[in-house]
1. Of everything in the stretch 83-120, what is in contact with a strand residue (DSSP E or B) (Cβ under 6 Å, 6 or more places away or on another chain) and either at pLDDT below 90 or within 16 Å of Ala54 (Cα to Cα) (or both)? Give them in sequence order.
2. If a residue must be open to solvent by 70 Å² or more (accessible area, probe 1.4 Å) and modelled with pLDDT of 90 or more, how many such residues does the stretch 50-82 contain?
3. For the stretch 1-13, give me each residue that is assigned to a helix (DSSP H, G or I) and either open to solvent by 60 Å² or more (accessible area, probe 1.4 Å) or more than 15 Å from Leu40 (Cα to Cα) (or both).
4. When the stretch 1-42 is examined, which residues are found to be closer than 18 Å to Val81 by Cα and touching a strand residue (DSSP E or B) at 6+ places or on another chain (Cβ under 9 Å)?
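The values are calculated or read from the model by the stated rules, or taken from the named source; none is laboratory data. Note that the structure is predicted; figures quoted are calculated from it, not measured. Every residue, glycine among them, receives a Cβ derived from its backbone with ideal geometry; neighbour counts consider all protein chains shown. We work out accessible area using only protein heavy atoms, side chains counted, and drop any ligands, DNA or RNA first. Shrake-Rupley method; radii C 1.70, N 1.55, O 1.52, S 1.80 Å.
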Amino acid sequence: MISELNNMSSVDLHNLLLRYNWDDGFHFPREILSCDNCDLGTAIMAFHLAAGYAYLDDGMKMNYQDKEWYQFVDVLYHRVVNGEFNSRTICFSPDLTRTQKYLLKKKNPNIIDLILDGLE
């Protein structure tokens, strides 16, 4: 399956990740996110499905027992910040309230709005 990912459309990659069981680890999501046709909306969705809020809430400090999780969300966050996802055709809106966004921004004013607001 992994060898076929590069031949899939951005919508197919998005749907695969949407249905992924995150208890199975981060290898498969990493493969999806490394595809050239992976969309920014999918990357933002992956960040949120991987509990990226905990990463943001703690000020992005590496004091987690699960180093694999930390590495996944840290790398993904910085890939989004650095504009490494070229396609912007898939929408994703995180389920965050205005209060949650405010509190996250208050703890770390450098959080990019795209992570909090999503892609419309």
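1. The answer is Leu119, and nothing else.
2. The number of residues fulfilling the criteria is 4.
3. Passing the criteria: Ile2, Ser3, Glu4, Leu5, Asn6, Asn7, Val11, Asp12.
4. Listed by number, the residues that qualify are Asp39, Leu40, Gly41, Thr42.
Let's see how each residue does on (1) of a type outside the set (Asp, Glu); (2) in a helix (DSSP H, G or I); (3) touching a helix residue (DSSP H, G or I) at 6+ places or on another chain (Cβ under 7 Å); (4) under 18 Å from Ile112 (Cβ atoms):
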{"site": "Asn15", "(1), (2), (3), (4)": "yes, yes, no, no"}
{"site": "Tyr20", "(1), (2), (3), (4)": "yes, no, yes, no"}
{"site": "Asp23", "(1), (2), (3), (4)": "no, yes, no, no"}
{"site": "Glu31", "(1), (2), (3), (4)": "no, yes, yes, no"}
{"site": "Cys35", "(1), (2), (3), (4)": "yes, no, yes, no"}
{"site": "Ala43", "(1), (2), (3), (4)": "yes, yes, yes, yes"}
{"site": "Ala46", "(1), (2), (3), (4)": "yes, yes, yes, yes"}
{"site": "Tyr53", "(1), (2), (3), (4)": "yes, yes, no, yes"}
{"site": "Leu56", "(1), (2), (3), (4)": "yes, yes, yes, yes"}
